[in-house]
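A short write-up of the structure that comes next.
The values are calculated or read from the model by the stated rules, or taken from the named source; none is laboratory data. No experiment lies behind these values; they were computed from the predicted model shown. Glycine also receives a Cβ, built like all others from the backbone with ideal geometry; neighbour counts cover every protein chain displayed. Just the protein is used for accessible areas: all its heavy atoms, side chains included, with ligands, DNA and RNA removed. Shrake-Rupley method; radii C 1.70, N 1.55, O 1.52, S 1.80 Å.
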Amino acid sequence: MQNYSRRDFVKFLGYVSSGLVTSSWLASCANVANQKLSSLTGLKPSLEDNVKLIDSLSWKRIISWKDSLSEKDKFGYNNDYINYLELSHDELLLWVNNEYINPLFVSGEKRTKENIDKEIYNVGGSIIHLKMKEGHWSFLKNSKYNRRVSGFQEIPFSNSQIIKGRKSAMGTLGNCAGGKTPWGTILTCEENYDYCYGERKFGQREVKASYHSWEKFYKNPPEHYGWVVEVDLRTGKSIKRVEMGRFAHESATVIQKDGVLVVYSGDDKAGEHLYKFVSASQNNLEHGTLYVADLTQKKWLPLDVEQDSRLKSKFKTQLNVLMYTREAAKLVGATPLDRPEDIKINPITGDVFIALTNNKKAENYHGTILKVSEHFGEYDSLIFDYEDFLIGGKDAGFSSPDNLAFDKVGNLFFATDISGRSIGKKQYSSFGNNGLFFVPAHGHDAGKVIQIGSAPVDAEFTGLCFDPSGKRMFLSVQHPGEQSKGLDRLTSTWPHLADKLPRPSVIEISGSFFS
Ligand code: FEO
Ligand code: CA
Ligand code: CA
Ligand code: CA
């Protein structure tokens, strides 16, 4: 099948959307909350080893890797997705994904059990109790709620499914983005699981070895990972939601409207697909139908063994379809995409926005943000329309969009994920470090792309999450100093603490821009 991005990049050559600006650095924009027009000077690209923000925003560190959560637990590594449960008007339980590890900082290159144990502990997620103090969110160190859900926690599969002989998996890992259910639980997505326990195709016995070799000490099958995991923040109790399929789940974006509950998810690998799960119930995610997007026909294709004889003849059971979702999707004719990452739904228009980060092999270096409009705005519709909302590139002022967030009035915020080894080089030389960008929904600058933040060296901003008031945003600063070749050759020392180590951290950003 022809690759979507290649085809459409040709189609869109010469097309300048309202989102593509040539001078976004000195643009004015609509104020987020009151929509008054005010003058805003966007940031210039920067290679500085710090969090830089426009003048009307400032940041405060909330928690960093290795900080103690309790007597027993420490905050995990490489924090990503953030969401919360409101305990009261001034207290939140924050969920923070801890996606992956870097042996240089977390453990050591040698594949000893001791080093691998440190790595397994540092992935999964962290639950932290926050309290509002003097207008800012602060971490409550000794709260009974503070805990880790790590790569060691035993987590059952939904509906008592037995996968490779077991009813539960050892831990969760690769926790990239996620979602939040209407009943207040968090969905955390297991993305690059193959780095830890390898991968295997349907019908094969042999497992392709992993990058981190965790299987050397823990004989966990790859099929135990790559799921969406639902977490209760009050208890840490978790469950792997098998019905949403198994692939490198980037996010699990939930929408409930008109008696329909749907979860959108992208598979972050070049040539992989966009999915949605239509739940059979409004109160849980136990049963439902998984669909994959065919952009050529603008159709959602069911991945249901009882509805498709091709699936039935190859996979025999629905559990096999769900365990080897990528292979099932290709069999039914899903459209390959350029790394579908974060997904967010515009609260005003109802459209579904998907970051397609890039596909270097296909010479799509800068990515796009795709807009999908379900037929008549019905999220369980089987047909849809789509268009490119933003196209990255030098003139657009951004490259490689990943994490997205809308505020309450439909302004879009997004962060970029140019890989550490590419930042400032070749096709990426004009962009500086990864950034945070703002796309006003209103006013004469509607659709323009304005840089409002710049990340430390090698880092990306992830987990964009507004607090309940919308006046503050939680942000993950992930993988600072990732390109360091040794502890004596650090590329970053952010957040410039006493140990001078680069430490992934959660920050709060606030200021008149949001108020
Ligand atoms: Fe974990 Fe696809 O970013
Ligand atoms: Ca991501
Ligand atoms: Ca990414
Ligand atoms: Ca990344």
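Quick look at the values:
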read-out	value
Where labels lie 7 Å past Cα in the beta-carbon direction, separation of H89 and D395 in nm	5.1
Distance (nanometres) between label positions extended 7 Å along Cα→Cβ at H375 and A209	5.0
Accessible surface, per residue, of the chain when the full set of protein chains is kept, probe 1.4 Å, Å²	39
Value of [θ]222 nm, deg cm²/dmol, for the chain, DSSP H segments ≥ 4, -39500 (n - 2.57) each, nearest 500	-2000 deg cm²/dmol
Förster-model FRET efficiency, 25 Å R0, L140 and K110, C-beta, rounded to 0.05	0.10
Extended-chain gain in nm, criterion 0.36 nm per residue less alpha-carbon gap, S515 and K133	135.8 nm
Spin-label model distance (nm) - K60 vs F152, 7 Å beyond Cα toward Cβ	3.3
Rounded accessible area of D308 (nearest 10 Å², 1.4 Å probe)	20
Rounded if a/c under 1.5, otherwise prolate or oblate - the chain, Cα gyration tensor axes	rounded
Contour excess over end-to-end distance, with Cα ends at F202 and K74 and 0.36 nm allotted per residue	42.3 nm
Burial ranking of peptide ranges 361-368, 160-167, 453-460 (average Cβ count within 10 Å, highest at the top)	453-460, 361-368, 160-167
Under 19 Å from the L382 label point (7 Å along Cα→beta-carbon), backbone N, region 327-352	329-335
Lys, Arg +1 and Asp, Glu -1 on Cβ, resulting dipole of the chain about Cα centre, debye, nearest 20	1080
